[in-house]
DNA sequence: GTCTATATGGTGATAGAC
DNA sequence: GTCTATCACCATATAGAC
């Protein structure tokens with residue numbers, strides 16, 4: 001995604017507003033006011049509020065892919081790679097909290113009102129990119145299962161539950177209050193460890209306890 | 001919660017609308033239209049849209065407590081009881097999908113605009129009841145940990161991640177499409193099993209594989 | 001490029017007939 | 001108790017000055 005500085009600044013303001021108040025409750029006026037501007041500026045760069053929302057969502061997805069795709073080359077077995085991807089996902093959500101909150105909001109919003117054909121297509125592309133993101137984890141989980149490292153009768157349910165556990169942190173954890181990097185990594189590790197190892201005590205430890213890189 | 005039939009009907013319609021479109025995008029007109037009525041009927045029973053939302057949320061929480069509290073008396077050790085509570089939670093979300101979607105929406109909504117003192121207090125009570133619900137799981141998890149059945153460095157993070165994994169199903173699973181009871185139970189079991197046992201293969205199986213009741 | 005109007009439509013809430 | 005009619009307000013989006 002290439003973005004001018006002007007657009008980037010608008011996206012940051014919009015992401016923060018959408019996160020705090022939600023898409024429908026956010027007016028273009030408050031987005032502009034957050035930048036110390038008026039809505040003329042916003043409408044010069046974006047045709048409509050929906051287009052603005054879509055661009056925030058698009059950047060949010062790009063940031064996720066940028067964080068998770070490198071983790072696929074993490075060292076270790078297939079399960080350790082999956083854990084590294086989950087860890088990268090969690091850290092990216094902390095780092096880009098507002099944008100990723102908007103992504104989750106996009107998942108939940110079924111109706112945006114009437115969309116132009118172009119907007120409809122952009123929405124379809126966003127949905128497709130979310131599917132692709134989930135596929136990243138599903139493929140890695142499949143590899144881990146083929147290697148006998150992973151138990152899951154239904155891989156699709158497992159991955160969705162897993163990502164849900166991570167993504168829920170967008171709601172209860174607010175990185176702006178306590179944003180030490182070490183704290184964030186400890187939190188990410190705690191979530192990943194729970195999801196990989198499970199709640200139940202392991203009497204005889206199997207491998208795959210550590211996260212890669 | 002005592003509810004007249006009239007109020008109950010309004011709540012059902014409102015829950016469906018809030019789920020599909022979100023609080024802000026839902027107009028009282030469409031809630032009324034869903035009942036084949038006009039908004040005069042809604043405003044006769046509810047002073048404002050916020051009050052209506054709060055009542056949907058309140059009923060959603062009541063339904064959750066009604067489902068999970070009995071599960072605390074499930075047979076088995078402390079971890080099996082926790083699993084039974086999770087299973088009950090999942091099934092309650094499937095059963096009352098619209099209401100629980102609204103509850104999750106309530107967690108995310110930070111700002112409702114200006115609230116009267118009474119509304120402010122009702123919101124505080126709703127937040128408190130959500131905390132109480134989480135405490136139910138946290139206490140049970142603590143009991144399981146004291147019994148040596150559960151590993152989790154941070155119980156609070158573990159419970160939040162756990163509930164997040166379950167609650168995410170509100171977004172991707174739509175019970176109205178395929179609502180066979182057996183399917184729902186299989187899905188609930190799959191999620192609970194993943195969260196309790198973890199992704200990683202267990203070479204030597206410890207106990208706590210079955211869900212109670 | 002950014003601003004200040006302003007047109008336009010929709011929504012929460014109320015008043016009062018029936 | 002439920003309806004219709006209406007008010008007041010707010011938000012999206014546009015037009016045009018600077």
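Quick look at the values:
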| quantity | calculated |
| --- | --- |
| Enumeration of residues in region B:105-114 that are within 11 Å of chain A (Cβ to nearest Cβ) and either surrounded by fewer than 20 Cβ atoms within 10 Å (Cβ to Cβ) or closer than 9 Å to residue B:15 by Cβ (or both) | B:107, B:108, B:109, B:110, B:111, B:112, B:113 |
| Filter result for residue A:182 (assigned to a helix (DSSP H, G or I) and within 25 Å of residue B:185 (Cβ to Cβ)) | no |
| Residue that is farthest from DNA strand C (Cβ to nearest atom), among those in region A:62-76 that are over 15 Å from residue A:139 (Cβ atoms) and surrounded by fewer than 21 Cβ atoms within 10 Å (Cβ to Cβ) | A:76 |
| Any chance residue B:2 is surrounded by fewer than 21 Cβ atoms within 10 Å (Cβ to Cβ) and outside any helix (DSSP H, G or I) | yes |
| Odd one out for residue B:169, checked against (1) more than 9 Å from every other protein chain (Cβ to nearest Cβ); (2) closer than 15 Å to residue A:157 by Cβ | (1) |
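Results for (1) within 16 Å of DNA strand C (Cβ to nearest atom); (2) in contact with a helix residue (DSSP H, G or I) (Cβ under 7 Å, 6 or more places away or on another chain); (3) more than 16 Å from residue B:113 (Cβ to Cβ), shown as yes or no for each residue.
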position	(1), (2), (3)
B:1	no, yes, yes
B:13	yes, yes, yes
B:21	yes, no, yes
B:25	yes, no, no
B:36	no, no, yes
B:42	yes, yes, yes
B:49	yes, yes, no
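Values in this text are rule-based calculations from the coordinates and carry no lab data. Bear in mind that the values here come from a model prediction, so they are computed numbers and not experimental data. Backbone-built Cβ (ideal geometry, glycine too); neighbour counts: all protein chains shown.
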